[in-house]
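The values are calculated or read from the model by the stated rules, or taken from the named source; none is laboratory data. Predicted, not measured: the structure shown is a model, and the values here were computed from it. Neighbour counts run over all protein chains shown; Cβ positions are idealised from the backbone, glycine included. SASA here: full protein model, heavy atoms, side chains in, ligands and nucleic acids out. Shrake-Rupley method; radii C 1.70, N 1.55, O 1.52, S 1.80 Å.
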Amino acid sequence: MSLMWVSVTECNQSHIYHLTQMIKEDENLQILLSYGSPDRNIKNVGQCGRKTEQMLSLLGVPSHLKGYQYLKTGIDLCIQSLEELDGITKRLYPDIAGVYHTSAETVEHAIRHAIEAAWQRGDETTQRRLFGYSHLESRRPTNLEFISRLADHFINDNGKYLS
């Protein structure tokens, strides 16, 4: 059985055509339609996506970048299982890439670019509060630091899972 997540908000007529072709080719394919980011725990998709989007916006991550979507997915995956961070290049990036049908290298590059953009334009107070330093100190967090800190923030700092 194959499972595919599809964002309804990003789906157009061409996508629907390709989805129907894929269903015809693979009778075991299941398609999950959602308005939020892909999440293994479907009950929390809406709330999880909104909290993550709010934080990414506050940090200054431009929502039009692919890295924005990849970060949302990566943070959500890490919230569900911090083991994703044990091997970010061997586990997390490939998992995100699988959701978006791209390569792990593309995911890594897009996330790095999104963090660089955020670090130049984000809220300095929030950056300092979450990471201990800001863009004025000429250092930005690595992809691993950024994702793990936000996942940790949502798990621990709020008392429970995205409360």
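Brief remarks follow.
- Taken as Cα centroids, the stretch 99-127 and the stretch 48-92 sit 9 Å apart, rounded to the nearest whole angstrom.
- A cut-off of 5 Å between modelled amide H atoms, ignoring neighbours fewer than 5 places along the same chain, links Gly60 with Asp123.
- Taking the Cα centre of the stretch 79-145 as reference, the dipole from Cβ charges on Lys and Arg (+1) and Asp and Glu (-1) amounts to some 200 debye.
- Note on Glu83 and His64: the extension gain reaches 4.0 nm, defined as 0.36 nm multiplied by sequence separation minus the Cα-Cα distance.
- Per residue solvent-accessible surface (Å²) - the stretch 61-117, probe of 1.4 Å: 44 Å²
- Extension gain, Leu144 to Arg128, is 4.1 nm, computed as 0.36 nm per intervening residue step minus the present C-alpha separation.
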